[in-house]
Every structure is written in C-alpha cells, then in structure tokens.
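Note sheet for the following structure.
Just so it is clear, none of the values below were taken in a lab; they were calculated from the coordinates. Keep in mind it's a predicted model, so treat the numbers as computed, not measured. Backbone-built Cβ (ideal geometry, glycine too); neighbour counts: all protein chains shown.
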Amino acid sequence: MAIKKPEETEVKDRYNKSTILQSAKYKNRRDLLNVLLDEKKYYTISEVENEIKKYMNGGKK
C-alpha cells in the first residue's frame, strides 16, 4: 500500500495596495496601479500583472 503524502500547497505572497505602490518593481506604474487596485484587497504579483495587462488591452481579458 502506498503512503500518502500531504498535499503541498503553494503559498503565494499577497500584498496590499500600499506595499505594491512602494515597491521598486512598479515605480513606473504607480499612477496606474493607484487607480486600478483596491485599498481593502490583497494581491499576488501575478494578479497585479493581470490587472495591468487587462487595462493595457482596453479592459479585455
């Protein structure tokens, strides 16, 4: 009988709007992200990138 290993779930770091706006990575996009991101939500880096791409494509996915 095979031994079951506990599933490893990848924990992705989530950041609030303020932290994202202060990061050097997004210093050229601060004005855009200030409008796009919600103060009360936390975002992963991939979610932030998706928000930028969605905006740059005219709101289309």
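Counting only the backbone N, which residues of the range 27-61 are under 13 Å from the spot 7 Å out from the Cα of LEU21 toward its beta-carbon? Answer for this model: 27, 29-41.
Multiply the residue separation of ASP31 and ASN50 by 0.36 nm, subtract the distance between their alpha-carbon atoms, and state the gained length in nm to one decimal.
Details: separation 19, 0.36 × 19 = 6.84 nm, distance 1.62 nm.
In short, 5.2 nm is gained.
Loop-located GluC sites (Glu not before Pro) across the range 8-48 with a Cβ neighbour count of 15 or fewer within 10 Å are GLU8, GLU10, GLU39, with loop assigned by DSSP.
Sorted fewest first by neighbouring Cβ atoms within 10 angstrom, ILE52, ILE20 come out as ILE52, ILE20. By the compact-protein rule of thumb, 2.2 N^0.38 Å, the alpha-carbon radius of gyration of the range 15-56 corresponds to a ratio of 0.99. Around the amide H of TYR43, modelled in the peptide plane, lie the amide H atoms of TYR15, ASN16, all under 5 Å away and 5 or more residues distant in sequence or on another chain.
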